[in-house]
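Here the structure comes first, spelled out in structure tokens, and everything after it is commentary.
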Amino acid sequence: MIVNIEAQHKKSKILVADDSNLQRLMLAEIFVQAGHEVFLAENGEEAVHIFKNEAPDLVVLDIFMPKMDGIDAATEIQKVLGNKYVPIVFITGSDNDAQLQRCIEVGADDFVYKPFNTLVLKAKINSLLRVQQLYQQQYSQKQQLLEYQQQAVQEQEIAATLYKNIVHAGFYDTPEVKYRLSPMALFNGDIFLVAKTPGNQLYALLGDFTGHGLAASVGAGPAAEIFHGMAEKGFGISEIIIEINRKMHKLLPVNMFLAATIVAFFPDTGSISLITCGLPDHYLFNRTSKQLQVIVSKNLPLGIIDSFEPDVQTLPISKENFLYLFTDGVIEAENTLGEQFDAPGVIHSIENNVHGYKAVLSALDTHTKDREQQDDITFVELDCNISDAQWMQATAKKVHKKLVALSWKNSMEFHSSTLRHINPVPMVINSIMEIQGFIEHREAIFLIVTELFANALEHGLLGLDSKIKQSSEGFMQYYSAREERLAQLSDGYIKMSFNHQPTDAGGKLIIKMQDSGQGFDFSNVSSDLEQNEQSFGRGISLLLNLCKEVEYSGNGNRVKAVYEWTA
């Protein structure tokens, strides 16, 4: 231990209380010669009063004194000491054990027996003063450390609040999504994000950064910003996951990565698409048929390599399906015997209970009872009953600023080399929003352009037939063929043009889409969305419901859609 030399030579204050005038003067002379400041008291009552006013560093008390004896005086002194340490030395001429025991009980640090030896007295006093000074130094350092810790905790709490507000700023809350995030520390290495796209699709992303706590949460903010920003603009999950991977590779150190899964719900086709990147197996469970489908990871965790083409899994869903996602903290959670909850614990809870979400969490809590949490734990249940989902009926936020209709035109042409790598619809819609700014109509315009583009690409350039999607197997076959044909597309183009004109009531947006393909049979479609129970043919019905006018020409490779809005 390092001792402060300055503190050792500091002038100390000593209180001496004795009813003998001669003994008080003798003690005072000894202590003054030793370089100390001395305060004298004739009895215990006066000693307590001086102690309160002068705060001495050491107290010397005679046991027997009038008005208040040394033992009672020591008792009163202890009451006002608080967290300070002041040595108390008793002067006694008795060796009565019971009396000495009482002195110890009220805080005696040492005894000086009459007649006292001056050399021994000095040695005892100096030793106790060194102890007192060391104690004060240690106490002061402890207080500084506590203040630092309190400040650090306060700063962490502020940072954690900011972190939560940033990560969950765009979180779309809907009853169809149930989740529990249980961080091991103040900061969470797990993230769960939900967003609704302009095309009325629901996106969810579950992620698990390497480690836990503050170090594991550094990438959460940038990942959330990319997810919410791109989802709001209508980008697909492949484009979102590619951008998050690029950001994580640039941001995270080499020993860190983000295991993640992103899910997209598609109401128009009754399907979900997933990109799985290193998380444990997920489960798609049908509560009526009791069929459980295991969804395994197909891609590397994000941030390990700088770029990749994600493997997308597309699955048909029904209103009886529930999708379960979780981080490895769930299956690796241990009980008091060190046994992990593991995947069978999750599967058993899902398959044997009506409410899988509650059953899994209840079983997990029972398993880990009385065991300290060892990792961040996140468990998610996604209800696949899309037709009745609350987020399907949610309306766009109204913008109260009066919209001024502008007159403008714009056209773009995308060739096969571009179409193989990107979906241009989000970029096109964003440019339209920048020009005209009718945010409250964004969702409708996004749906119109998306449907027109999908027909031009899938039927015009790729030659796909939607009737293939009449069964689950056909559904999978359709999207598998789409990915294969798109990857091999070497020729062709899609041209989009937009013409916006003011009207007396508001404005009119004329959208034209043309592709270089063979076209498709646009005449055999249903115009009634509610009566169309097929897994296909609802796209043009949707267009007819949203647009003032939809007109196909040629072989179906040219279409004009007119969307009118009122101010």
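The values are calculated or read from the model by the stated rules, or taken from the named source; none is laboratory data. Computed from a predicted structure; not experimentally measured. Here Cβ is always computed from backbone atoms with ideal geometry, including for glycine, and neighbour counts include all displayed protein chains.
Observations on the structure shown:
- Among the residues making up region 68-90, those that are of a type in the set (A, V, I, L, M) and either out of contact with any Leu (no Cβ under 8 Å at 6 or more places or on another chain) or under 15 Å from F111 (Cβ atoms) (or both) are M68, I71, A74, I77, V80, L81, I88, V89.
- Of the strands (runs of 3 or more DSSP E) lying entirely inside region 311-425, those containing at least 3 residues that are in contact with a His (Cβ under 9 Å, 6 or more places away or on another chain) and closer than 30 Å to D515 by Cβ are 408-415.
- Number of residues in region 408-428 that are of a type in the set (A, V, I, L, M) and modelled with pLDDT of 90 or more equals 4.
- Qualifying residue in region 179-194 (condition: farther than 27 Å from K250 by Cβ, modelled with pLDDT of 85 or more and touching a Phe, Trp or Tyr at 6+ places or on another chain (Cβ under 7 Å)): yes
- Only one entry in I262, I241, I295 is free of Cβ contacts under 8 Å to residues at least 60 places away in the same chain, under 21 Å from I422 (Cβ atoms) and in contact with a strand residue (DSSP E or B) (Cβ under 7 Å, 6 or more places away or on another chain), namely I262.
- From the options A389, A456, residue that is touching an Asp or Glu at 6+ places or on another chain (Cβ under 7 Å), of a type in the set (A, V, I, L, M, F, W, C), touching a residue at least 60 places away in the same chain (Cβ under 8 Å) and not assigned by TED's automatic domain parsing to the domain that holds P198: A456
- So L134, is it surrounded by 18 or more Cβ atoms within 10 Å (Cβ to Cβ) and in contact (Cβ under 8 Å) with a residue 60 or more places away in the chain: no
- Near pairs, Cβ below 6 angstrom, 6+ apart or cross-chain, from region 526-555 (assigned by TED's automatic domain parsing to the domain that holds G474 and at pLDDT below 70) to any residue that is surrounded by 15 or more Cβ atoms within 10 Å (Cβ to Cβ) and hydrophobic (A, V, I, L, M, F, W, C): S527/L544; G537/V525
- Hey, D109 in contact with a helix residue (DSSP H, G or I) (Cβ under 7 Å, 6 or more places away or on another chain), at pLDDT 90 or above and not small (G, A, S) or not: no
- Screening the candidates E434, E443, E351, E381 for the property of being modelled with pLDDT under 90 and surrounded by 14 or more Cβ atoms within 10 Å (Cβ to Cβ) yields one hit, E443.
- Checked against (1) assigned by TED's automatic domain parsing to the domain that holds K11; (2) modelled with pLDDT of 90 or more; (3) not aliphatic (A, V, I, L, M), N117 passes all but condition (2).
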